[in-house]
Amino acid sequence: MLAQGSTHLGQRENNEDFFLVDLERNLFIVADGMGGHRAGEIASALAVKAVKEYLSNIPGINAAAAIREAVQAANYQVFVHASLEDALEGMGTTLTVLWIVGRTGYVAHVGDSRAYLIRDGAIDRITCDHSLVQEMVENGGLSEYEARIHPQRNILTRAVGTQSQALVDVDVVNLKEKDILLLCTDGLNSVLSDEEICNIVTSSTTVTQSSSTLVNCAAQRGGQDNITAIVVFVDSL
């Protein structure tokens, strides 16, 4: 695997996004924290570190179950930590995890950060946003473009750490050589369309160029939120 992550403050003073690129374990994670002063930064970092720690000690025998349990473990850590300080009450984070085991990619997901598969020049979204506007799209009330600019686009219907248990989506992707996987926070996909994202990724010559161009293009468009992208290229299986 080849992989690179990039992040940008956007128009924010603090970066509440947190990401992990672990090529030794083929583990890739993005998280977008939320809460009061510094709470979002703490939540996203806690969640990512908890998933890494959990999966570092688990063989990939039942990877789908393990990745779900890892996100549940992260949820519990954030939830308990938030109860320790009044300033952290109600903090939470999105969490999107990609774990590649053999020829299979396992994606665990809570919130509105995303995972994409880019194959043969076409882009497919693996995850489904857990957000109010996504429910409106599914009910036919909004188009995808309208959802990107809707004033309530940041209202989540699920998040890690806001409750004692999290409902976790797990998707399984059978991988091929030359597949490209992208994990990103909503600071990217709220500014760039899926087609624009695909064009940037497929026209880049390296994962470093791809990830940095994505976040820089989103920032130049005036992205208000923190922007994070991880690009993973499957060079061999």
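The values are calculated or read from the model by the stated rules, or taken from the named source; none is laboratory data. Bear in mind the structure is a predicted one, so any value in this text is a computation, not a measurement. Please note: Cβ atoms are built from the backbone with ideal geometry, for glycine as well, and neighbour counts cover all protein chains shown.
Residues in segment 197-237 that are out of contact with any Leu (no Cβ under 9 Å at 6 or more places or on another chain), assigned to a helix (DSSP H, G or I) and without any contact (Cβ under 8 Å) to a residue 40 or more places away in the chain: Asn199, Ser203, Gln209, Thr213, Gln220. If the condition is being at pLDDT below 95 and acidic (Asp, Glu), then segment 42-58 contributes no residue at all. Each residue in segment 195-212 was checked for being crowded, with 16+ Cβ neighbours inside 10 Å and farther than 19 Å from Gly10 by Cα, and 4 pass.
Does Ala108 fit the bill of being modelled with pLDDT of 95 or more, aliphatic (A, V, I, L, M) and either on the phi < 0 side of the Ramachandran plot or assigned to a loop (DSSP other than H, G, I, E, B) (or both)? Criteria met by Ala108.
Could you tell me whether Val30 is more than 15 Å from the chain's Cα centre (by Cα), of a type in the set (Val, Ile, Thr) and modelled with pLDDT of 95 or more?
Details: more than 15 Å from the chain's Cα centre (by Cα): no; of a type in the set (Val, Ile, Thr): yes; modelled with pLDDT of 95 or more: yes.
No; evaluated as a whole, the condition is false for this residue.
Any chance segment 47-69 includes a residue that's within 27 Å of Ser6 (Cβ to Cβ), in contact (Cβ under 8 Å) with a residue 60 or more places away in the chain and touching a Ser or Thr at 6+ places or on another chain (Cβ under 9 Å)? So far as segment 47-69 goes, yes, one or more of its residues are within 27 Å of Ser6 (Cβ to Cβ), in contact (Cβ under 8 Å) with a residue 60 or more places away in the chain and touching a Ser or Thr at 6+ places or on another chain (Cβ under 9 Å). From the list Arg38, Arg12, the one residue that fits, being over 15 Å from the mean Cα position of the chain (by Cα), within 21 Å of Cys184 (Cβ to Cβ) and among the basic types (Lys, Arg), is Arg12.
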